[in-house]
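Student: I have a structure I would like to understand better, so I am pasting it below and will then ask my questions one at a time.
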2 protein chains.
Amino acid sequence: MRDLIEYRAEILKALGQPTRLKIIDFLRDGERCVCEIFPAIAEEQSNTSRHLNMMLSAGVLSRRKDGLKIYYAIKHPEILEVMDIVTRIVKQDITGRHRLLKAA
Amino acid sequence: MRDLIEYRAEILKALGQPTRLKIIDFLRDGERCVCEIFPAIAEEQSNTSRHLNMMLSAGVLSRRKDGLKIYYAIKHPEILEVMDIVTRIVKQDITGRHRLLKAA
DNA sequence: AGACTATATGAGTATATAGTCATTCACTTG
DNA sequence: CAAGTGAATGACTATATACTCATATAGTCT
């Protein structure tokens, strides 16, 4: 049970970085190869590759080879649920801050 | 909209660390003061304080003063939903790995 | 085999993070 | 106001992270 915490942390950490979030957002509609991903998020190929690998070993993404290309996809649909919930929290908090700013 | 990503990443990063996960787990039943939290998770008071502050500014926790004591609580119930989903993913993945190990 | 394309990796750098120990700050109460 | 308690912070260390540039690897096609 000790590792459950580590494992959960690994997944959440994998999601908690802007470049990786951009990747997740881009993969929302389905699998994509690296050659599509790195231009879409405007990052270097090598940097993108490292982030993809990191998310793969965290259990967030899956990988499929097809000839020269390697396709990554979001491994669990629940990941998208998580993202949606977090987006909801953020939006709530932002409107909350506006309210505070107006009050000040 | 640029900041939405940063904000989401901040929240997820705040959740993606074992010590902080222990805190979240401990706060599941409601607010607790620092003096209850750090013994419960077996971490130093100062380290605990830093993590609490970090999660506070990430928008994950809320804080309430009462005399000498400071009570922290999970700010959004959705955070717990996120934790539940991630736990589900982990358990799925672990049974998946067992299957793989047995097959090997 | 040789040229080509897609992805991964080595090496390096700059910055961030988690943690510790000692101290300070904030508040309460005698 | 002095003593005491609970929480935050300064200073430091060790490690991890994100990123870049250059190179290596793996697969394809002629």
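Student: Having 1 or more residues that are without any contact (Cβ under 8 Å) to a residue 24 or more places away in the chain and crowded, with 18+ Cβ neighbours inside 10 Å is the bar; report the helices (runs of 4 or more DSSP H) wholly within the stretch A:1-101 that clear it. Reasoning before the result, please.
Tutor: Working: elements: A:2-15, A:18-26, A:34-41, A:45-58.
In the stretch A:1-101, A:2-15, A:18-26, A:34-41 are the helices (runs of 4 or more DSSP H) which contain 1 or more residues that are without any contact (Cβ under 8 Å) to a residue 24 or more places away in the chain and crowded, with 18+ Cβ neighbours inside 10 Å.
Student: Mind listing just one residue for me: the one in the stretch A:65-75 that is near DNA strand C (Cβ under 10 Å from one of its atoms) and farther than 17 Å from A:Thr19 by Cα and, of those, nearest to the other protein chains (Cβ to nearest Cβ)? Even if it seems obvious, please write down each step before you answer.
Tutor: To start, the set of residues in the stretch A:65-75 that are near DNA strand C (Cβ under 10 Å from one of its atoms) comprises A:65-72.
In the following step, the residues that additionally are farther than 17 Å from A:Thr19 by Cα were identified as A:65-71.
Working: A:Lys65: 18, A:Asp66: 22, A:Gly67: 25, A:Leu68: 27, A:Lys69: 25, A:Ile70: 20, A:Tyr71: 20 Å.
Looking at residues that are near DNA strand C (Cβ under 10 Å from one of its atoms) and farther than 17 Å from A:Thr19 by Cα, I get A:Lys65.
Student: What do you reckon, is B:Glu36 of a type in the set (Asp, Glu) and within 11 Å of DNA strand D (Cβ to nearest atom)? Steps first, answer last, please.
Tutor: Numbers: of a type in the set (Asp, Glu): yes; within 11 Å of DNA strand D (Cβ to nearest atom): yes.
Yes, satisfied.
Student: Kindly check whether there is at least one residue in the stretch A:65-82 that is at pLDDT 95 or above, within 13 Å of DNA strand D (Cβ to nearest atom) and in contact with a helix residue (DSSP H, G or I) (Cβ under 8 Å, 6 or more places away or on another chain).
Tutor: Yes, the stretch A:65-82 contains at least one residue that is at pLDDT 95 or above, within 13 Å of DNA strand D (Cβ to nearest atom) and in contact with a helix residue (DSSP H, G or I) (Cβ under 8 Å, 6 or more places away or on another chain).
The values are calculated or read from the model by the stated rules, or taken from the named source; none is laboratory data. Everything numeric here is computed off the predicted structure, so don't read it as measured data. When we count neighbours, we look across all protein chains shown, and the Cβ atoms used for this are built from the backbone with ideal geometry, even at glycine.
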